[in-house]
Structures are given as C-alpha cells and as structure tokens.
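Asks: I'd like to ask you about the structure that follows.
The values are calculated or read from the model by the stated rules, or taken from the named source; none is laboratory data. Small disclaimer: the values here were computed from a predicted structure and weren't measured. Cβ placement follows ideal geometry from the backbone for every residue including glycine, while neighbour counts extend to all protein chains displayed. Areas reflect the complete protein model, heavy atoms only, side chains present, ligands, DNA and RNA absent. Shrake-Rupley method; radii C 1.70, N 1.55, O 1.52, S 1.80 Å.
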Amino acid sequence: MKADDNMKTSVGAATALLCTALNAGSADLPGRTFDKLTYNGMQISAGRALTDDEISALAGQQKILCMIGDSVSWAEDGDHFRNELLKLMPDLAFAGTHTAALGYSHAAEGGDSTIRVLNRLNDPQRVPDAPYYHLLIGINDCSAAKNDEQSADVAAGIADRIEKIVNILLARPGTRKVFLGALLPSPFDMQSGGSTVRERTGSVTNAILRKSFAERFPDGRVVWIEYEKPLHQNLSEWKKPENLRGAHPTAQGYKQVAAIAAPVLRKHMEPTLLNGTGHGVETVNLWDAKLNLTPPLIPGWYTLSLELENCDQVVFTLYSDASDLKQQFQKSYTLSGPAGQRLEVNFMTGYQNYGYTLAPFKIKIHSGGMKNVQIEKMRPLQHASIYGQGTFVDTTSPIAAGEIIVNAPGLAAGSKYR
C-alpha cells in the first residue's frame with residue numbers, strides 16, 4: 001500500500017518483535033505493576049513473557065473467565081482488576097474481544113446498562129463464548145432513580161434484567177458457571193462523601209438479588225460474589241480518593257475488589273483442558289486487506305503493525321470513518337526503519353461518546369508505502385503478534401500470563417476462546 005496507489009494493500013508474512021522481562025514498552029502505562037506471580041512454585045509476572053516451561057505447565061490448566069459489565073470492569077484503571085486477580089490466581093486466563101490498558105481481554109463496555117448488555121449479548125464479537133463469566137452490571141441503571149422513592153421500582157427492574165442476562169449466558173452450550181457480582185458501593189457525593197441516590201439504589205438492587213437468589217437461580221450454576229458488604233465494613237477507607245474515583249475503583253481500589261473475588265473464583269472454577277501439542281495464542285487481524293479498513297472497532301487498546309514497502313519511512317494518518325467528526329479518532333504517525341522491516345504502534349480509540357464512537361478504521365498514507373498491515377487488540381506484552389490473516393494461532397510471539405494458551409493445530413477457524 002503506497003501513497004499513490006489509492007490505499008491498495010498487498011498481503012504477506014512477517015514476524016513481530018520479541019520482548020523480554022519488564023520490557024521497555026510499558027513506559028506509556030504509568031502505574032503498571034510487575035508484581036511476581038506464582039503457580040505451582042513458579043514465579044509468573046504479568047509484565048514479561050512466559051518461559052517454555054511455564055507455558056507447558058499452564059497449558060490445559062488455565063481457568064478461563066470472560067468479564068462482562070460496564071466501565072467499572074475496564075475503563076481508566078479497570079484492567080488492574082484483572083491484573084490483581086492474576087496475582088492471586090496465576091492460572092487464570094481472560095476471554096473477550098475487547099482489551100484495556102494492560103492488554104487483558106474482556107467483554108465490558110463503558111456506559112453499559114443492563115438493557116445494553118441484553119442488546120449485545122447474542123453478538124459473538126461483543127460477548128464471546130467462555131466456560132465462566134463474571135457479570136458486574138447495573139450501576140448505570142441506578143441513575144434512573146431520581147429520589148429514594150423511585151429506588152425500589154428501579155432496582156426491581158435491574159434485578160429482573162440481570163436475571164435475563166444470566167439465563168442467556170447459562171443457555172450457551174459451553175457455559176459452566178456465571179459469577180454474579182454485587183454492585184460496588186459507589187458513587188458517593190464528591191464534596192461531602194455522603195451516600196447518593198444512585199449508590200443507595202445499587203444497594204437495594206443487591207438486597208433484592210440476595211433475597212431472591214435461590215428462586216431466580218435454582219440449579220447451582222450461578223455464584224454470588226459479595227462485594228458490597230465487605231467494602232461497607234471499612235467504608236471510610238473504601239471511599240478514599242486513592243481507592244475510589246466516582247463510580248470507578250483506582251488501581252489500589254481494585255486490589256480490594258480482587259481480594260474479595262479471587263477466593264470465590266478459585267473455589268468454583270475448573271481448568272479448561274487441551275488436547276494435542278503445540279501452543280500459541282489465538283489472534284484476529286481486524287484489517288481487511290481487500291477493503292482497506294477494519295470493522296467498527298470496539299473502544300479499547302489496539303496494536304497496528306506493518307511492513308515498510310520499498311521505503312525507509314512511512315508517514316500516515318490512522319482514523320475512524322465516523323460521520324460525526326467530533327467523535328472521530330485521528331492520529332498521524334511517522335515510522336522509520338530499513339525497507340522491509342516490520343514496525344508497530346499501540347493506540348487507544350477513546351471512550352465511547354467521549355471523543356469516539358464505534359466506526360471502521362482506515363489509513364491514509366502521505367508518503368512512503370506499507371504492506372502486510374495488521375490491527376489487533378493489544379496483548380499484555382504490548383507488542384504485535386506475528387502477521388496473519390483473519391483468525392489464526394500465533395505460535396511465535398511470546399505469551400504473557402492471563403492470555404489463553406491454545407493448541408496450535410486446527411484452531412485457525414473458529415476457536416471458542418479469544
């Protein structure tokens with residue numbers, strides 16, 4: 001694809017950069033931790049590549065979890081939820097077509113209500129199949145209550161819709177269990193620190209679900225994670241700015257949330273076994289080389305990689321083809337290197353309705369040329385996968401803790417887990 005060829009893309013193969021322990025690519029993620037994890041006596045860090053021995057030990061022993069929810073499960077410091085869970089459960093791996101600041105997969109979307117989750121639940125590109133789901137949803141619905149007199153009716157509707165979501169997930173053939181999280185105590189008044197109608201409506205929702213849990217979910221495949229009561233026990237600590245920012249926990253706050261969730265998950269999850277040999281990570285190249293665009297990109301972090309074509313520098317603009325220019329992603333890059341070298345850059349789309357809206361991405365080349373373009377959701381090591389087309393298994397690039405390790409043969413078409 002050259003500046004004068006109307007953005008035509010040719011497709012080939014190339015390898016991505018390898019990275020090492022505590023790779024320098026983390027500099028753009030302030031506050032990222034590289035705490036050591038342990039699994040069967042091994043130390044596993046979320047900030048480095050797994051060794052071959054670690055991969056062999058984890059393959060077929062991972063507990064695969066897809067986290068569904070709103071911005072609490074991914075925006076701002078939300079990926080630290082998964083990072084903190086990994087510290088407590090290094091054999092955990094995350095499923096999802098979305099990715100956040102630390103590169104872990106998930107299926108949460110900012111601004112979601114229970115209605116919006118119901119609307120996207122049957123779209124495999126928004127909520128993929130997984131053996132276990134973690135559902136934390138409803139705090140945005142609580143905004144519908146404008147006073148305490150309205151809380152009971154609003155909360156009852158939320159509980160009923162949560163029940164529908166859970167039952168749809170349970171109906172999937174591969175679902176083993178759904179972990180249903182109590183709404184976190186939040187948000188509080190920014191000035192006084194006192195309770196808000198929204199926070200109290202969330203508490204009423206939790207009370208309804210607790211009281212009717214056995215009736216709503218009688219078969220034992222739904223597990224309640226009680227976030228509210230433990231956090232309320234030390235509410236003054238929980239409400240501190242270093243732990244909670246509006247409705248969203250901070251990186252420090254997610255340590256408390258993960259500490260509540262991990263024992264419950266550990267007790268009720270079993271590994272997803274693998275058959276066969278060869279290990280890799282399933283990767284999806286979202287760039288359509290024929291159409292020269294991506295499908296509409298879900299808000300999150302992505303990696304663009306390309307190969308320089310007959311040049312040592314390419315100048316281009318990556319942009320979303322949004323009808324509303326106020327909600328358009330647009331950023332220009334200059335990438336340099338020897339002709340034929342593979343280069344990469346990470347980018348964040350922006351949050352939905354906060355300077356970004358769901359739209360296909362395109363590339364406009366100003367000078368130079370490129371080929372073998374790949375856009376994929378960013379991985380935890382923050383480097384591109386080996387180049388491939390469509391959905392494929394990358395057996396070459398390093399694998400990080402939290403990524404789902406799959407067998408290499410026969411998975412290029414339609415594996416359940418991403």
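Table: residues versus (1) more than 25 Å from G78 (Cα to Cα); (2) of a type outside the set (S, T, N, Q).
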{"residue": "E282", "(1), (2)": "no, yes"}
{"residue": "T294", "(1), (2)": "yes, no"}
{"residue": "L308", "(1), (2)": "yes, yes"}
{"residue": "C311", "(1), (2)": "yes, yes"}
{"residue": "G350", "(1), (2)": "no, yes"}
{"residue": "S367", "(1), (2)": "yes, no"}
{"residue": "Q374", "(1), (2)": "yes, no"}
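Asks: If I filter segment 236-246 for residues that are in contact (Cβ under 8 Å) with a residue 60 or more places away in the chain and open to solvent by 40 Å² or more (accessible area, probe 1.4 Å), do I get at least one hit? Please lay out each step first, then the result.
Replies: Kept after step one, since they are in contact (Cβ under 8 Å) with a residue 60 or more places away in the chain, are these residues of segment 236-246: 245-246.
Next, only the ones that are open to solvent by 40 Å² or more (accessible area, probe 1.4 Å) stay: 245.
Yes, segment 236-246 has at least one match.
Asks: Okay, moving on. Somewhere in segment 80-98, is a residue closer than 22 Å to T205 by Cβ, open to solvent by less than 10 Å² (accessible area, probe 1.4 Å) and among the aromatic types (F, W, Y)?
Replies: Yes, segment 80-98 contains a residue that is closer than 22 Å to T205 by Cβ, open to solvent by less than 10 Å² (accessible area, probe 1.4 Å) and among the aromatic types (F, W, Y).
Asks: All but one of (1) assigned to a loop (DSSP other than H, G, I, E, B); (2) in contact with a helix residue (DSSP H, G or I) (Cβ under 9 Å, 6 or more places away or on another chain) hold for N346; which doesn't?
Replies: (1)
Asks: Right, another one. Of the numbered conditions (1) exposed (fewer than 15 other Cβ atoms within 10 Å of the Cβ); (2) touching a residue at least 12 places away in the same chain (Cβ under 8 Å); (3) assigned to a loop (DSSP other than H, G, I, E, B), P218 satisfies every one except a single condition; which is it?
Replies: (2)
Asks: Name the single residue, out of those in segment 147-162 being of a type in the set (D, E, K, R) and touching a helix residue (DSSP H, G or I) at 6+ places or on another chain (Cβ under 7 Å), that is most open to solvent (accessible area, probe 1.4 Å). Outline the logic, then answer.
Replies: Here is the first cut: in segment 147-162, the residues of a type in the set (D, E, K, R) are 148-149, 153, 160-161.
Add one more test, that the residue is touching a helix residue (DSSP H, G or I) at 6+ places or on another chain (Cβ under 7 Å), and what stays is 148, 161.
On the way: D148: 78, R161: 60 Å².
Only one residue fits best here, namely D148.
Asks: Among (1) under 25 Å from the mean Cα position of the chain (by Cα); (2) crowded, with 21+ Cβ neighbours inside 10 Å, there is one condition P187 misses while meeting the rest; what is its number?
Replies: The one condition P187 does not meet is (2).
Asks: Please pick out the residue among T283, T303, T317 that is outside any loop (DSSP other than H, G, I, E, B), more than 30 Å from D112 (Cβ to Cβ) and among the β-branched types (V, I, T).
Replies: Step by step, each of T283, T303, T317 is checked, and only T317 is outside any loop (DSSP other than H, G, I, E, B), more than 30 Å from D112 (Cβ to Cβ) and among the β-branched types (V, I, T).
Conditions tested, residue by residue: (1) open to solvent by less than 10 Å² (accessible area, probe 1.4 Å); (2) closer than 14 Å to Y319 by Cα; (3) over 17 Å from the mean Cα position of the chain (by Cα).
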position: Q341; (1), (2), (3): no, no, yes
position: G355; (1), (2), (3): no, yes, yes
position: G368; (1), (2), (3): no, no, yes
position: H383; (1), (2), (3): no, no, no
position: I386; (1), (2), (3): no, no, yes
position: T391; (1), (2), (3): no, no, yes
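Asks: Somewhere in segment 402-412, is a residue surrounded by fewer than 20 Cβ atoms within 10 Å (Cβ to Cβ) and assigned to a strand (DSSP E or B)?
Replies: Taking every residue of segment 402-412 in turn, at least one turns out to be surrounded by fewer than 20 Cβ atoms within 10 Å (Cβ to Cβ) and assigned to a strand (DSSP E or B).
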